[in-house]
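Visitor: This is the structure, below, for whatever I ask next.
Read-outs: derived from the displayed coordinates by stated rules, not from any lab. Everything quoted here is computed from the prediction, not taken from an experiment. Every residue, glycine among them, receives a Cβ derived from its backbone with ideal geometry; neighbour counts consider all protein chains shown.
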């Protein structure tokens, strides 16, 4: 069939793949095609009703359980750990980060954040990442997610609002999309809005699965990061750069941060199994997958990456 790429506008007989929904085990089939020009892998038709693929217990929607009274020493240790994972300055921070890193916050380390930095997290779910930043002393934070049932307000002052990035106002030092951009149908509109919110010198951070990867080449329809139909786009490096430039953003750098799940979960899907227990993966297998993931990251062939963009024309 002939499809038109939504990123580079190429019209043609692009390779087509049938991918089944796996996370909820519905098995519903969806067509994806990979653009012959920019290599973006994308869903052929976005379903009209996506609600059934985001149930109430969807993993990113649960409010963080840490919003409660807790041992003050545990809270202090977590605050130090989280601050050190974000801050790149000082011997103490370097030591704590080396020994006890919060790996999910490490992509923020190169942004030069201060407690006064204004940070917007788009598609943040319940806002656990911002919650951790708030605990670590970053006070100017806001989360937005249109799929939330309602707004959330935490005792530490964090707000997560049920809205899109297009409905946000103000000027922000950082606008982040942590594995959320792939869920947005109109990515160009979202990134134009992000570019408009970004102050000169600020950073738009985008973490997404990438089709420029060994996992896509090897597993194809069974690659777990396709996550049909929730992931509308699996970008290549070229298509991500091209889309961002169309929206007033300029690529500064990229870094792969894939994990062993590119093998472990993809193998589960490939074998048609329902649990890791059923699969019976051994510790030595998982250790080898971790080593392979690290090597692929070094080679720029991991199955997910962090893109750091600046505002075009800004200095």
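Visitor: Select from 12, 283, 137 the residue whose mean-square fluctuation is largest in a Gaussian network model of the chain (Cα-Cα springs shorter than 10 Å).
Guide: Top of the fluctuation ranking is 283.
Visitor: Hey, what number do you get for the chain at 222 nm if only DSSP H runs of n ≥ 4 count, each worth -39500 (n - 2.57), divided across all residues, to the nearest 500?
Guide: On the way: 9 runs with 91 residues, N = 315.
So the calculated ellipticity at 222 nm is -8500 deg cm²/dmol.
Visitor: Where does each of 185-192, 172-179, 295-302, 212-219 land if you order them by average Cβ count within 10 Å, highest first? Walk me through the numbers before you get to the answer.
Guide: Numbers: 185-192: 17.9, 172-179: 22.4, 295-302: 15.8, 212-219: 20.5.
The packing order, highest mean first, is 172-179, 212-219, 185-192, 295-302.
Visitor: If you fit an axis through the alpha-carbon atoms of helix 187-197 and take the longest principal axis of the Cα set of the chain, what angle between them do you get, 0 to 90°, nearest 10?
Guide: Tilt relative to the chain: about 20 degrees.
Visitor: Which of the peptides 253-263, 149-159 is most tightly packed, and how do the rest follow, going by the mean number of other Cβ atoms within 10 Å of each residue?
Guide: On the way: 253-263: 18.5, 149-159: 13.8.
Listed from highest to lowest mean packing, they are 253-263, 149-159.
Visitor: Can you give me the angle between helix 72-86 and the longest principal axis of the chain, using Cα atoms only, in degrees from 0 to 90, rounded to the nearest 10?
Guide: Computed tilt is about 60 degrees.
Visitor: Shifting gears a bit: For the chain, set up a Gaussian network in which alpha carbons nearer than 10 Å are linked by springs, and say which option among 236, 84, 26 fluctuates the most.
Guide: Result: 26 has the largest fluctuation of those listed.
Visitor: Can I ask one more? So how far, in whole Å, is the C-alpha centre of region 272-315 from the one of region 130-172?
Guide: Measuring centre to centre over Cα atoms gives 28 Å.
Visitor: A further question follows. Give me the percent relative contact order of the chain, please, defined on Cα pairs under 8 angstrom at least 6 residues apart.
Guide: 17
Visitor: Counting other C-beta atoms within 10 Å, which of 50, 148 has the fewest, and how do the rest follow?
Guide: Details: 50 14, 148 22.
Lowest to highest Cβ neighbour count: 50, 148.
Visitor: Against the longest alpha carbon principal axis of the chain, how many degrees, from 0 to 90 and to the nearest 10, is the axis of helix 261-271 turned?
Guide: For helix 261-271, the angle is close to 30 degrees.
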